[in-house]
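One structure is given here, and the rest of the page talks about it.
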Amino acid sequence: MKMLKWIIIVYLLTATTTVFADETDILISRANRYFGPLPDTMPGSEGDIPERIALGKKLYFEKRLSINDTQSCATCHRLENGFAGVDNLPTSPGARGEQGTRNSPTVLNSGWQDSQFWDGRAEDLVEQAKEPILNPIEMGMPDEQTVEKKIWGIVEYRKEFAQAFPGDEPVITYQNIAEAIAAFERTLITPGRFDDFMKGDSGALTEEEQRGLETFLKVDCQSCHDGILIGGETYEPLGKEHPYDNQDDQGMYMLTKDENDRMFFKVAPLRNVALTAPYFHDGKIKTLEEAVRKMGKLQLDKDLTDQQVSDITGFLKTLTDKNRESHNK
């Protein structure tokens, strides 16, 4: 009788484990339908030789690219000490202290985005790298020629550009400055535990985090936040179901003047989103929980419960770079 009792207990435990495993496998399969693990390399990286990447890294941190030697790419897009390619400010001050008008997006994994900037005005990382240096509110340099002359005047750069762009003449050009910075940015690839889960590691996410993924899908967040970046590939009106409080910035309309583009912004990629507060294009949303709740109402006309917000937020934290996740604990 005792033997039969133990057989029944073992059977029930095994059956429960099998059911849970089957449910997890189904969830992994569903996740791969909408998302996908980060590839090992970014688009356009085929010609990124080590010398070009090293030069790009140096230029990324080079404050002499600004009008008064106070501002670099890394000033607003910080990478040190666990920062996730942002400065965690609502909007960022420029070289002269003037305040920018939009929240600085992360540079991590950014080469997989459909385009760059909140309004998509730059088609790739190279074109994006060109804009802040000449933006009067940001780094404030007057023109490309002034930038080229200034970098040429720094003797150490002459050899480094020649190594990074062999055969180019002239070698220190504004285009090559942007190309080098883009080459470095294409190395900023940050897989998280969610990538391990999508690759079949069922233990990479806790039961609570898996419940958060299920809630994310059930609520239909993936209708906009999909692909390998969980966003960053489409444009949507902010306030699809209910108007957003701040109407000062009309999004793509300010660039195109097309009435159909009013309040359209690029859908933010959610990789490392737990580390990139404050949120939205204006940086007015302070916490991830508030951002999730507002998006539910603004975009989906859903009043998310506290449990749903907590579950989704828990899942979103699994999108954090594993190295930065340990650094920010």
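The values are calculated or read from the model by the stated rules, or taken from the named source; none is laboratory data. These numbers come from a predicted model, not from an experiment. Don't worry about glycine lacking a Cβ; one is built from the backbone with ideal geometry, like all the others, and counts go over all protein chains shown.
The sole residue among 98, 148, 62, 144 that is more than 23 Å from the chain's Cα centre (by Cα) and crowded, with 17+ Cβ neighbours inside 10 Å is 148. So which residues in the range 66-81 are at positive phi and modelled with pLDDT of 95 or more? Matches in the range 66-81: 69 only.
Would you mind stating whether residue 238 is out of contact with any strand residue (DSSP E or B) (no Cβ under 9 Å at 6 or more places or on another chain) and in the same structural domain as residue 291 (by TED's automatic domain parsing)? Taking the combined requirement at face value, the residue does not satisfy it.
Scan the range 211-237 for residues that are under 18 Å from the mean Cα position of the chain (by Cα), outside any helix (DSSP H, G or I) and not charged (D, E, K, R) and the total you get is 10. Scanning the range 250-295 for residues that are touching a His at 6+ places or on another chain (Cβ under 6 Å) and assigned to a loop (DSSP other than H, G, I, E, B) yields a single hit, 270.
Each residue in the range 152-183 was checked for being closer than 16 Å to residue 65 by Cα and of a type in the set (A, V, I, L, M, F, W, C), and 10 pass.
Identify the residue in the range 156-170 that is over 22 Å from residue 142 (Cβ atoms) and either of a type in the set (A, V, I, L, M, F, W, C) or not assigned by TED's automatic domain parsing to the domain that holds residue 55 (or both) and, among all such residues, is surrounded by the most Cβ atoms within 10 Å (Cβ to Cβ). Of everything passing the filter in the range 156-170, 164 is surrounded by the most Cβ atoms within 10 Å (Cβ to Cβ).
The number of residues in the range 122-143 being touching a helix residue (DSSP H, G or I) at 6+ places or on another chain (Cβ under 6 Å) and touching a residue at least 12 places away in the same chain (Cβ under 8 Å) comes to 8.
The C-beta contact set for the range 21-47 (first residue touching a residue at least 60 places away in the same chain (Cβ under 8 Å), second residue among the small types (Gly, Ala, Ser) and surrounded by fewer than 15 Cβ atoms within 10 Å (Cβ to Cβ), distance under 7 angstrom, 6+ apart or interchain) comprises 28/200.
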